[in-house]
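Below: the structure, in structure tokens.
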Amino acid sequence: MTFTKILVANRGEIACRVLRTAHRLGYRTVAVYSDADAGAPHVTQADEAVRIGAPPAADSYLNVAALLEAAKRTGADAVHPGYGFLSERADFARACAEAGLVFIGPPADAIAAMGDKAAAKRRMLAAGVPCAPGYLGEDQSDEALAAEAKRLGTPLLVKAVAGGGGRGMRLLRHAADLATLPDVLAGARREAHSTSGCGTLMLERLIENGRHIEVQVFADAHGHAVHLGERDCTAQRRRQKVVEEAPSPVVNEAMRAALGRDAVAAALAVGYRGAGTVEFIVDAALKHHFLEMNTRLQVEHPVTECITGFDLVEWQLRIAAGEPLTNLVPRLQEDIRFAGHAIEARLVVEDPYDGWKPQTGCIDGWDPAAAGDVRIDHGIAAGGAVTPYYDAMVAKFVAHGRDRADAIRRLTRALEAVPLFGPPSNGRFLRDLVNHPRFTGATMTTALLDEWQAAGDEPLLQRPAPPAPAWRIAAALLAQGTGPGNAAGPVAHEQGTRPPSVARFDLALQCGGDRRVLRAPVEGVQIDSIDGAALRCTVDGVSSRVHAVRGSDGSLQLAIDGAIHRFAEASPYPATESAADPGRSRAPVAGIVAHVNVAVGEKVAAGQPLVCVEAMKMEMWLNAAAAGTVKAVHAKARAAVAAGALLVELEIAP
């Protein structure tokens, strides 16, 4: 099972992560890329790279034939699937083996056994592992699922049996929600099929106020298996993880032993090999219930690496090459020790202060080296772009401390020191979340972030206003025409170019919905130095470090305490009223048209779904703002659309 050249069948931060270890161990590497990723970091970091198709994942990263052809053209003799995309597809693992390639992951049969969540739960029930009540049957008709949903009651999860990352998952919280089940099933099937190629569903009774705790396992081809402790992934939004940590702050030694025992038994039961994660939901009484097994490396694997000192990708490569686990840990479980505490925060390009809408656009500034000894796994670069075709996660901040408080403190500083300029992201939200009493007190639940979102009054989800010094610093930079990415000279503004002879003037600034007029030059403010995006500014005698860039949209983006504020000179002309036109439905973000629900001439009611736009694996439906008749449809399924693109026109009923 020897191999010398590895094709990484993935993109972004995970591809960069795999390449780093592969190169350290002396392997040659091959990257693959879609047209949207032609200039991405993972492409330039690999020894060779092959274009595999158009931007939509179905045409590139999910194209098995194109991936196998790329391996053949470059002479790669092994494939690492990363996570997501094809990493849990048994047919891909089987196709690699049939092509003579070493698949760096579990056997196809093990993927099939655990990749089907319903079948996996049946195996666990037979083995005596506790599971939440649910429906795992083969009858997938709406009628059968409706009957089972009524039997199980609410709150109830509708889940895809394949894939991961919360894709194809829906929550029915109240009994009245069962009336919407047909639409819920259709949406879950559609999303599941688009992300994993399988639309089969299962039902599972939701365990209220639960914690999501998972166990990292490894198994070799010689009958050995070990666990590397647990990770706590309770901080979630819409069933997608936001912050993960190891060890869990609520797990004691006895519980750790029980979790590890069940996780290892699950791996051995299916003849597992390589890295896997057994996920559990833990109820208020700290009893664990099996959820699923992810037959791949996890996004959050770095926290396990931090507390164990092991490189999990190295373990994957060595096990795939046929080595026994005893080469890595001679006394197996006894040789695995845990040190300190690690926390990972997922940086995603979604706006937490505007309903978590996905964001796209140019990356105007990004300097991960400023994080110091906090690890940042990423696959982006300044000058690149975030497109709507793939997952919204662009980087992971991973802090390792001597204890939990130390890790939180280190992570907080890194989130402030390394802002992402360009598309809005959740950077400031992450900084505030890990310092929130519910997080520091270890009382989070998997539903808490969604509950805060629904309530609408949690300060954590209110957009931070720029502090008074930020206005003055922005005014000073704009007034003198000097700033990051901008040569010294006159400032271009709404009234033209301000001549150098104008010594003092009023500067009208806009930031969000706020507008202020400041006198320039700004008294008490001095820009002491400029080093890339980092500035040393003195305000009223107090010198501090801030970060700023001139954005591709023309704004001055200023980062303070992890929040990014966008300043621009306000127009001297009155604002034009821009009331929403109920007769025109536009794309809320750049994305792909997932579904068109209406046709020209069709009568629609107010609130009726018209078009579904998918961006970064999130579905957003456009509903009719008023009753009327469809006058024109400008959307086609699978077509890319820009933010604000006109999709449907209605003739509003009188």
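The values are calculated or read from the model by the stated rules, or taken from the named source; none is laboratory data. Bear in mind the structure is a predicted one, so any value in this text is a computation, not a measurement. Note: ideal-geometry Cβ built from the backbone for every residue, glycine included; neighbour counts use all protein chains shown.
Pairs, please: C-beta under 6 Å, at least 6 apart or cross-chain, first residue touching a residue at least 24 places away in the same chain (Cβ under 8 Å) and in the stretch 502-522, second assigned to a loop (DSSP other than H, G, I, E, B) and surrounded by fewer than 19 Cβ atoms within 10 Å (Cβ to Cβ)?
508/570; 510/570; 515/570
Looking only at residues that are under 30 Å from residue 196 (Cβ atoms), among the β-branched types (Val, Ile, Thr) and more than 26 Å from the chain's Cα centre (by Cα) in the stretch 608-654, which one is surrounded by the fewest Cβ atoms within 10 Å (Cβ to Cβ)?
633
Counting residues that are on the phi < 0 side of the Ramachandran plot and free of Cβ contacts under 8 Å to residues at least 60 places away in the same chain, which strands (runs of 3 or more DSSP E) fully inside the stretch 562-654 reach at least 3?
609-615, 618-623, 628-633
From 297, 286, 317, which residue is touching a strand residue (DSSP E or B) at 6+ places or on another chain (Cβ under 6 Å) and either in a loop (DSSP other than H, G, I, E, B) or hydrophobic (A, V, I, L, M, F, W, C) (or both)?
Residue meeting the stated conditions: 297.
Residue by residue through the stretch 311-357, note down the ones that are small (Gly, Ala, Ser) and at pLDDT 95 or above.
320, 321, 322, 339, 340, 342, 345
Could you list, ordered by first residue, the pairs with Cβ atoms under 8 Å in which the first is in the stretch 122-142 and in contact (Cβ under 8 Å) with a residue 40 or more places away in the chain and in a helix (DSSP H, G or I) and the second is surrounded by 13 or more Cβ atoms within 10 Å (Cβ to Cβ) and of a type in the set (Phe, Trp, Tyr), at least 6 apart or interchain?
The qualifying pairs are 124/290.
Condition first: surrounded by fewer than 23 Cβ atoms within 10 Å (Cβ to Cβ) and not aliphatic (A, V, I, L, M). Now tell me which residues in the stretch 242-258 satisfy that.
247, 249, 252, 253, 256, listed by residue number.
Do we have any residue at all in the stretch 169-179 that's in contact (Cβ under 8 Å) with a residue 40 or more places away in the chain and either within 23 Å of the chain's Cα centre (by Cα) or under 22 Å from residue 283 (Cβ atoms) (or both)? Full working, then the answer.
First, the residues of the stretch 169-179 that are in contact (Cβ under 8 Å) with a residue 40 or more places away in the chain: 169, 171.
This time we only want the ones that are either within 23 Å of the chain's Cα centre (by Cα) or under 22 Å from residue 283 (Cβ atoms) (or both), so: 169, 171.
Yes, some residue in the stretch 169-179 is in contact (Cβ under 8 Å) with a residue 40 or more places away in the chain and either within 23 Å of the chain's Cα centre (by Cα) or under 22 Å from residue 283 (Cβ atoms) (or both).
Would you point out the residue of the stretch 371-405, among those that are modelled with pLDDT under 95 and aromatic (Phe, Trp, Tyr), that is nearest to residue 426 (Cα to Cα)?
Going through the qualifying residues, I end up with 390.
Of all residues being outside the structural domain of residue 359 (by TED's automatic domain parsing) and of a type in the set (Gly, Ala, Ser) in the stretch 420-442, which is farthest from the chain's Cα centre (by Cα)? Just the residue, please.
441
Out of all the residues in the stretch 514-528, is one or more modelled with pLDDT under 90 and in contact with a His (Cβ under 9 Å, 6 or more places away or on another chain)?
No - not one qualifying residue is present in the stretch 514-528.
Name the residues in the stretch 418-456 that are assigned to a helix (DSSP H, G or I) and surrounded by fewer than 19 Cβ atoms within 10 Å (Cβ to Cβ), would you?
437, 438, 440, 450, 451, 452, 453, 454, 455
Take residue 358 and decide whether it is in the same structural domain as residue 390 (by TED's automatic domain parsing) and touching a residue at least 12 places away in the same chain (Cβ under 8 Å).
On the way: in the same structural domain as residue 390 (by TED's automatic domain parsing): yes; touching a residue at least 12 places away in the same chain (Cβ under 8 Å): yes.
Yes; evaluated as a whole, the condition is true for this residue.
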